[in-house]
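The values are calculated or read from the model by the stated rules, or taken from the named source; none is laboratory data. Please read all numbers here as calculations on a predicted model, not as lab measurements. Cβ atoms come from the backbone with ideal geometry, glycine included; neighbour counts cover every protein chain shown. The accessibility values were calculated without ligands, DNA or RNA, using every heavy atom of the protein model including side chains. Shrake-Rupley method; radii C 1.70, N 1.55, O 1.52, S 1.80 Å.
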Amino acid sequence: MAEHHIVFAADITPDTANGFISILTNLIGQNATRAIIAVNSSGGNVVSGITMYNVMRAMPYPITTHNIGNVDSISNVLFLGGEERYACAASTFMFHGVGFNGNANERLEENILKAKLDTVLSDHKRISGILSDRTQDKLTVRAGMKLFKEQRTRNAEWALDKGLINEIRDFTFPAGGNVHLIMQQS
């Protein structure tokens with residue numbers, strides 16, 4: 001069977017991103033005809049999330065994503081990497097602004113603060129551009145920027161209305177299917 005299911009139920013970190021990318025690239029050698037990715041993630045590292053999205057978009061086989069719980073923060077970008085996108089009726093999508101963890105010993109002078117703010121605003125624009133592109137402007141860049149300021153969780157009906165998903169439907173595994181797991185380590 002050349003169709004593969006991937007369950008991504010973890011935070012987005014450099015390690016989980018590398019594992020995810022490894023699975024996707026290995027599927028090329030297995031002559032995959034399609035990958036269905038079930039996503040439940042609280043988000044995480046912006047750079048890793050953008051990289052995962054770009055790799056998904058580069059795959060020679062079609063990718064479908066399915067929100068099976070929560071798609072939060074940068075995992076929205078991962079989710080948008082699917083050509084077809086679905087969500088379970090009880091699933092949610094959460095948006096908030098990009099942030100960074102500070103160092104207790106870091107001296108925050110004006111130039112450092114300006115550089116950090118520039119990075120945050122650049123990431124907001126980059127993510128909003130992906131939202132706009134993947135929803136065919138149902139969520140414009142401006143609307144995406146507004147989502148970051150509102151910091152709200154949205155339901156599947158909202159996602160359908162805004163073009164994040166194609167349909168609200170249950171997720172099912174095929175009997176005897178090829179399943180790959182990326183789970184949160186405890």
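Key figures
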item: Projected area averaged over orientations for the stretch 89-151, convex hull of C-alpha atoms, nm²; result: 5.8 nm²
item: Using a Förster distance of 30 Å, the FRET efficiency for E109-R34 (Cβ separation, nearest 0.05); result: 0.05
item: Between the stretch 25-98 and the stretch 109-186, the Cα center-to-center distance that results, in Å; result: 10 Å
item: Probe 1.4 Å - accessible area at E84, Å² to nearest ten; result: 80 Å²
item: Calculated [θ] (222 nm, deg cm²/dmol) that DSSP helices of n ≥ 4 give over the chain, each run adding -39,500 (n - 2.57); result: -13000 deg cm²/dmol
item: Reach of K162 by Cα under 19 Å, taken over aspartates and glutamates that are not fewer than 8 positions away in the same chain; result: D72, E83, E84, D133, D137, E150
item: For N166, distant residues with modelled amide H under 5 Å away; result: R85, Y86
item: Kirkwood Rh in Å, taken over the stretch 1-45 so that all alpha-carbon pairs contribute; result: 11.1 Å
item: Share of carbon and sulfur in the accessible heavy-atom surface of the stretch 25-166 [1.4 Å probe, %]; result: 48 percent
item: Computed accessible area, E157, all protein chains, 1.4 angstrom probe, square angstrom; result: 100 Å²
item: Accessible area (Å², 1.4 Å probe, nearest 10) - R152; result: 120 Å²
item: Rounded accessible area per residue of the chain, 1.4 Å, Å²; result: 52 Å²
item: Label-point separation in nm, V98 to Q151, each point 7 Å along Cα→Cβ; result: 1.8 nm
item: Packing-based ranking, highest mean first, of 171-177, 116-122, 75-81 given that Cβ atoms within 10 Å are counted; result: 75-81, 116-122, 171-177
item: Once the Cα gyration tensor of the chain is diagonalised, semi-axes √(5λ) in Å; result: 29, 20, 14
